[in-house]
Amino acid sequence: MRFSLFKTPQPKKYNYKPRYYDPKKEEWERRKAELGYDSSLSKEEKLRLQMSRWKKGESDGGNSSARILTYIVYGIMIAGSIYVVLFTNLVENFLALFGVIAK
């Protein structure tokens with residue numbers, strides 16, 4: 001960018017093309033694309049629709065089993081760590097090893 005003392009910079013131009021918006025048609029096309037029927041949405045609009053469903057937390061049903069499995073694994077890990085801390089002397093032995101407590 002050149003610096004000029006007496007010239008003021010021109011405002012940046014942009015290319016704005018207004019289009020006709022029909023909310024009923026947009027909703028109809030979105031619903032058709034959601035259900036998997038042939039719609040007139042472009043690839044970018046279809047991708048945006050999928051991404052908006054990700055944001056809302058909706059899934060196709062295939063991820064629900066993976067989510068349940070993840071929760072089960074987390075539950076087992078939490079229960080195991082609670083067992084180790086409360087019902088074994090592993091933590092005391094570990095602290096005695098580093099000299100934090102006297103055994």
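Here, each number is a calculation from the coordinates, and none is a lab measurement. All values derive from a computational prediction rather than experimental measurement. In this analysis, Cβ positions are derived from the backbone assuming ideal geometry, glycine residues included, and neighbour counts consider all displayed protein chains.
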Completion exercise
Taking PHE87, PHE6, PHE94 and counting other beta carbon atoms within 10 angstrom, the fewest-first order is PHE6, PHE87, PHE94
Practice task
Note the full-extension length gain between GLN10 and PHE87 as 0.36 nm times their separation in residues minus their Cα-Cα distance, in nm to one decimal.
Solution key: 20.3 nm
Fill in the blank from the handout: Between ARG53 and LEU35, the two model label points (7 Å from Cα along the beta-carbon direction) sit apart by a distance in nm of 1.4 nm
Exercise for the section: Would you mind checking the pairs LYS12/LYS46; LYS25/LYS46; LYS17/LYS46 and listing those with alpha carbons more than 26 angstrom apart? Expected result: LYS12/LYS46
Exercise for the section: Using 0.36 nm per residue of separation minus the Cα-Cα distance, give me the extension gain between TYR74 and LYS17 in nm, one decimal. Expected result: 15.4 nm
